[in-house]
Each structure stands twice: as C-alpha cells, then as structure tokens.
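Each remark here refers to the structure printed beneath this line.
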Amino acid sequence: MQTSERQKEIIQAAFDLISEQGIQELTIKKIAQAVGVTEPAIYRHFTSKIDILSSVIDEMIAQRDATFLRVRTGSGTARDMIRSFFTVQASLFETRPSLAIMLYPENLFRNNSELLRRATAMMDETLARFRELLQAGIADGSLKPGFDCEASALMLVGGFRLLVSSWRLDARSGGLEVATRRFLNGVFQMISQ
C-alpha cells in the first residue's frame, strides 16, 4: 500500500505521542491535535487506532529493513556490517528519538494479540538476522570461531536496547553514537579474531 504524506504525518505523530506519553495515552483525538486536523480527518486515512498502530509496526519494520539493506550493500566483513547497523540505528535515534520505541514493541502492543504477534515476529527476525551475520563473520574470518551466535546476538541486541534506554533517560550521558561505538568495541574484543 502506498502511504500518503498525511498518513506519514499521522504515523510520526503516533510515534511522538507514544514516545512522550506512552501508548496508554495514545488517542485519535491527541493524534488529530498533533497533526492539526479533525478526528474525522484521521479516519479518512485509517480505520481505527489499531490500524494506526499496525502502520507503526510497518514503519518499525521498514526502518529496520532499510538499515539492514544499507549495511549489506556496503562493502566489508560481517563484523563491519554489524558495527554499521548499530551505528546507523544510533544516528537515527539521535535524529528522531521517538523512533527508539522500536526497541520495545512487546510493551507497546501487549494488549492486542495480533499486534503483539507481529512485534514478536519482528524481534525474532531481527535476532535471526544477527545470528546469520555472526555466522557469516565466523565464515569470513572477521569473528573468531566457536562462540555462541545465539547468545552473542542476544548480547548485541539486548545491550543496544539497554544503551538506548540509558541514553534516553540521561541526556547528559553524551551522544548515543559515541556510546554505541564504545559498546561495540567492547563486544568485538570478545568475539573478534
């Protein structure tokens, strides 16, 4: 489905409102106010709040996929691709902090079984992609053989989630990109050749 400019505005407003106030405070009225339209105007683009939240998940998946595509088309080892993925994500979150909600979809969608299923599938697919990249790193020689790719994928993704949470809670902690580089350097010291 082609997303109109107004639909993009509505989705971004939903991201912003969820990020600032939590999903429990997300209402069609607040979305309409944030976009500067009437509530009926929202319904011309989305059938319900669930439809908007489904589009939020679509945007999360699109952002993740765009980052994976960007790092895969670059040259380098699997280790370079992993580093690039997290660096690009950190830059994206610094530019658009509301997108950091992408890291916690299970909290956002737990009250709707279909949205929760999609969020869980998104997280599972992300971990699978990192397991594949870690295995590719062993194969290309940029990562040492014998480490547990499952545990390492969890360590990378979980560690990044915690890093972003800490950054969001304490803006004085410095730039997320700098912290991400430091985090990745520590992880790669353990698993690199």
- Query: So, of the residues in the stretch 33-81 that are of a type in the set (A, V, I, L, M, F, W, C) and not in a helix (DSSP H, G or I), which turns out to be surrounded by the most Cβ atoms within 10 Å (Cβ to Cβ)?
  - Reply: Phe46
- Message: For Leu184, only one of the following conditions fails: (1) assigned to a loop (DSSP other than H, G, I, E, B); (2) in contact (Cβ under 8 Å) with a residue 60 or more places away in the chain. What is its number?
- Response: (1)
- Which one is surrounded by the most Cβ atoms within 10 Å (Cβ to Cβ) among residues in the stretch 92-104 that are out of contact with any Leu (no Cβ under 8 Å at 6 or more places or on another chain) and in a helix (DSSP H, G or I)? Met102
- From the option list Leu134, Leu127, single residue qualifying as open to solvent by less than 40 Å² (accessible area, probe 1.4 Å), closer than 19 Å to Ala151 by Cβ, touching a strand residue (DSSP E or B) at 6+ places or on another chain (Cβ under 8 Å) and part of a helix (DSSP H, G or I) is Leu134
- Note on the structure: Flagged in the stretch 137-162 as part of a helix (DSSP H, G or I) and either open to solvent by less than 40 Å² (accessible area, probe 1.4 Å) or charged (D, E, K, R) (or both), in numbering order, are Gly137, Asp140, Cys149, Glu150, Ser152, Ala153, Leu156, Val157, Gly158, Gly159, Phe160, Arg161
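Would you confirm, using the coordinates I've provided, whether Ser113 is farther than 25 Å from Ile191 by Cβ, surrounded by 14 or more Cβ atoms within 10 Å (Cβ to Cβ) and not hydrophobic (A, V, I, L, M, F, W, C)?
Answer is no for this residue.
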- Task: List the number of the failed condition for Glu25; all other conditions in (1) modelled with pLDDT of 90 or more; (2) open to solvent by 60 Å² or more (accessible area, probe 1.4 Å) hold.
- Result: (1)
- Task: Check Ala179 against each of (1) loosely packed, with under 13 Cβ neighbours inside 10 Å; (2) in a helix (DSSP H, G or I); (3) at pLDDT below 95 and name the one condition it does not meet.
- Result: (1)
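The values are calculated or read from the model by the stated rules, or taken from the named source; none is laboratory data. Just so we're clear, the structure is a prediction, and the values are computed from it rather than from any experiment. For neighbour counting, all protein chains shown are included, and Cβ atoms are generated from backbone atoms with ideal geometry for every residue, glycine included. In case anyone asks, the SASA skips ligands and DNA or RNA and just uses the protein heavy atoms, side chains included. Shrake-Rupley method; radii C 1.70, N 1.55, O 1.52, S 1.80 Å.
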